[in-house]
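The values are calculated or read from the model by the stated rules, or taken from the named source; none is laboratory data. Fair warning: this is a prediction, and the values are worked out from it, not measured in the lab. We place every Cβ from the backbone using ideal geometry, glycine too, and count neighbours over all the protein chains shown. Accessible surface is based on the protein model in full, side chains and every heavy atom, while ligands, DNA and RNA are left aside. Shrake-Rupley method; radii C 1.70, N 1.55, O 1.52, S 1.80 Å.
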Amino acid sequence: MPARRRFDQRATAVVELLGTTTECDDFEQALEERGWPVLQKEGGPATAMTARTTRYLLECRFPGSRTNARRGARERIEVVGDELELDLNVEVTDLVVRDPEERPAWFAYERPAADDPPAGPPTRRARWRRRVRRWCAERLAPYRTGRHISALNRTRAQELATRTLPGTATPSPRVTVRRPIGTPDPEPGAVTGRRRGADREIFRLCHAAAVLMVTSSLIARLWPQGFAAWWVLGLVAVTTLGLAAHWLIRFMPGKPGAALGAALGLGVFTAAIGTMIEASGGSGGPSGALGLVFVAAGYVVFTGIRLLVRQWSWRVVAPWLLPALLPLVLGFFPSLGLGLHALYLDAFGLNLEDVEIPRLWQLIATARLGLAVNLWLIALAGFGYLQHLHWCVRDRWPAYTLLGFFALFLLWTGGWGLGLETAARAGNDAVRAAASRQAVDAYYGIGPQWVCVRPVGPADGIHADGGEFRPARPYLRIGDASGTVVLWDPAEKGALKLPMDKLRIVPVDRPPKSCAPSS
């Protein structure tokens, strides 16, 4: 028996097969292996030597989106015929719709005995006590039976509440039903939604809310630059808000006004949240909008890979995902990620042995390089979306070739363009800033800083590796290692290595013209 898999779509198809009994048996066996039942078989009789036309009415089950699913069903059946080299034509394909209606929920409870009509005229106190008991029974349900009911009206719900079920206690005559707290009884003839359709609409609304939040955050970031900088994002936000209103109307049938009001409230709420996220970043801190974009991009890539796994299996997709474990593997060996530091220090003419880098920053740089290398997963995620939309069912080799080319391009772009080249560029920018006597930004644990150096004792007795030490000059302190400090001289454009125990290093905000002590 084939392993049971989750199928999102079911399509019925009429297939015409011209073949012998052997070819028909092979076709039916292939359908059985895929879990596609044959509903009806007409035609023949064929023999092992003579081909006859046989028509099959079968059900094709496969994962993926409803969009383009009919074409996907036809091509999947044709793939089976191509693999078996059969004279096969798919005449009709259509989707099987099995979406039950979402009936209102009811809860059964047992009325207390004190709720029965009194024998004589009740007093005001008795009437209030009766009302309180009834409210507690209906809202708080202290006498509930635990039975959960789905019914279109109260009459049917009451009938199901008092129905005797096998293995359960016989319901008391006092059992009645109530709706959830604050929910009125359904009106006669009210339109009921579909169970799976409601889930899909809620899922779409969550995505619409996320898009609105990201776009509003980006608009808040680009607002000072004028309308020309963010009009495209505004168009995206308006379009998404319209789609959200459309989905809410389908989620709340018969209540268009409430759906439009809910869509407007969703837009205002998400826009406020996105603007607050961007405003919380501060003027000099990281941008909240860019952080949301990175999170959204990661979610899109992860979803594409998940869809690809659902189309195939972990056994097939795992070899493709092995390079994605690179950041985790390098995390156990932080020193393997020192390539960024090596290229940065090379701009100053230094090696990794000259500057000691904290292990934490080594790990962070390693993760940064690993994530840049895994930029190729975008290609894999895109292939997952194509599979989900049934665009790569047949003729896969062109798609595989394009996928391989795009993956290699992204691998090169991520590993070199966003990884190693950025380190070399940061080092060259630091050298230019130092030559211009400007402040130099830190780079993953390497914090260049302008200093004035005072010798402890005679300056002539200090051995300088790489040039001549002149205390009157300001130096850029790159770092230190094993008791040796590395200073970069902007005048000579070279690095000096001096023993730290013979120096007194004084940090300065800006490099002065001279570090000589004033008399």
For region 430-467, enumerate the residues that are of a type in the set (D, E, K, R) and either part of a helix (DSSP H, G or I) or on the phi > 0 side of the Ramachandran plot (or both). ARG432, ARG437, ASP460
Identify the residue in region 466-519 that is without any contact (Cβ under 8 Å) to a residue 60 or more places away in the chain and among the hydroxyl-bearing types (Ser, Thr, Tyr) and, among all such residues, is least open to solvent (accessible area, probe 1.4 Å). TYR475
Please find, within region 386-398, the residue that is farthest from ARG368 (Cα to Cα) out of those that are open to solvent by 20 Å² or more (accessible area, probe 1.4 Å) and touching a residue at least 12 places away in the same chain (Cβ under 8 Å). ARG394
Mind listing just one residue for me: the one in region 149-168 that is hydroxyl-bearing (Ser, Thr, Tyr) and in a loop (DSSP other than H, G, I, E, B) and, of those, nearest to PRO184 (Cα to Cα)? THR162
Among the residues of region 16-38, which ones are of a type in the set (A, V, I, L, M), within 39 Å of the chain's Cα centre (by Cα) and open to solvent by less than 30 Å² (accessible area, probe 1.4 Å)? ALA30, LEU31
Filtering region 39-80 down to residues that are assigned to a helix (DSSP H, G or I), open to solvent by less than 20 Å² (accessible area, probe 1.4 Å) and either touching a residue at least 60 places away in the same chain (Cβ under 8 Å) or within 21 Å of VAL309 (Cβ to Cβ) (or both) yields ALA69, GLY72, ALA73, GLU75, ILE77
Identity of the residue in region 283-304, in a loop (DSSP other than H, G, I, E, B) and more than 16 Å from LEU233 (Cβ to Cβ), that ends up modelled with the highest pLDDT: PRO286
